[in-house]
Amino acid sequence: MFVSHEEFVSLAASGAFIEYRDFKFGMSYGLPWQQAIAPLLAGSNALGIMSLGSVRHVKNIFPEAITILVNAPVTTIRNRLQARGVNTHEQIEERLENARTVDAYKGFYDYVIVNDDSMLDQAEASIKRIIKSYESQG
């Protein structure tokens, strides 16, 4: 769900997120407790998108979670952000600094998918294969 920045800050302060990050580059991400827990309590699976640095925290809370890192090389990310033309230099640098830390977190993920240029279909197919492999186990 999308909310205003003010509402996001309020939700974060009230503990509504399992994890969250508020970026300078104009986007904030949070994994809401309610949306994550409700399907699990109903016996279903849930899909959550989380910040890179939060994988260990989320795995501590949900050790059975299957984590997938979708990653692109820093140069590809830079080119994509610059091509969009909506972020300032400082915002792009913040995003790139985050991308440069990926190697420190790769080992905490169950799967790492590369999404370089011209690889979107391949990345999507890999994610679908991973999900299907767990659906067939359930």
- [ ] Would you mention how many residues in segment 91-138 are open to solvent by 60 Å² or more (accessible area, probe 1.4 Å), part of a loop (DSSP other than H, G, I, E, B) and within 19 Å of P73 (Cβ to Cβ)?
- [x] 3
- [ ] Among the residues of segment 68-78, write down those that are open to solvent by 50 Å² or more (accessible area, probe 1.4 Å) and free of Cβ contacts under 8 Å to residues at least 24 places away in the same chain.
- [x] T75, R78
Task: Considering residues of segment 1-34 that are in contact with a Leu (Cβ under 9 Å, 6 or more places away or on another chain) and open to solvent by less than 40 Å² (accessible area, probe 1.4 Å) only, the residue nearest to R100 (Cα to Cα) - done: F25
Task: Pairs, first within 21 Å of I130 (Cα to Cα) in segment 33-56, second hydroxyl-bearing (S, T, Y) and part of a helix (DSSP H, G or I), C-beta under 9 Å, six or more apart - done: N45/Y134; L52/Y105; V55/Y105; R56/Y105
Open item on the list: I'd like the full set of residues that are under 19 Å from E94 (Cβ atoms) and open to solvent by 60 Å² or more (accessible area, probe 1.4 Å), limited to segment 48-61.
Closed with: I49
TODO: Specify which of the listed residues (S44, S51) is among the small types (G, A, S) and within 29 Å of N87 (Cα to Cα).
DONE: S51
- [ ] Determine if segment 14-22 includes at least one residue that is closer than 27 Å to D121 by Cα and not β-branched (V, I, T).
- [x] no
Task: All strands (runs of 3 or more DSSP E) inside segment 1-90 with 1 or more residues being more than 23 Å from Y111 (Cβ to Cβ) - done: 17-22, 28-32
TODO: Would you confirm whether any residue within segment 35-47 is in contact with a strand residue (DSSP E or B) (Cβ under 8 Å, 6 or more places away or on another chain), open to solvent by 60 Å² or more (accessible area, probe 1.4 Å) and farther than 24 Å from S14 by Cα?
DONE: no
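The values are calculated or read from the model by the stated rules, or taken from the named source; none is laboratory data. Keep in mind the model is a prediction, meaning the values are calculated, not measured. Reconstructed Cβ throughout: ideal geometry from the backbone, glycine too, with neighbour counts over all protein chains shown. All accessible areas refer to the heavy atoms of the entire protein, side chains included, with ligands and DNA or RNA removed. Shrake-Rupley method; radii C 1.70, N 1.55, O 1.52, S 1.80 Å.
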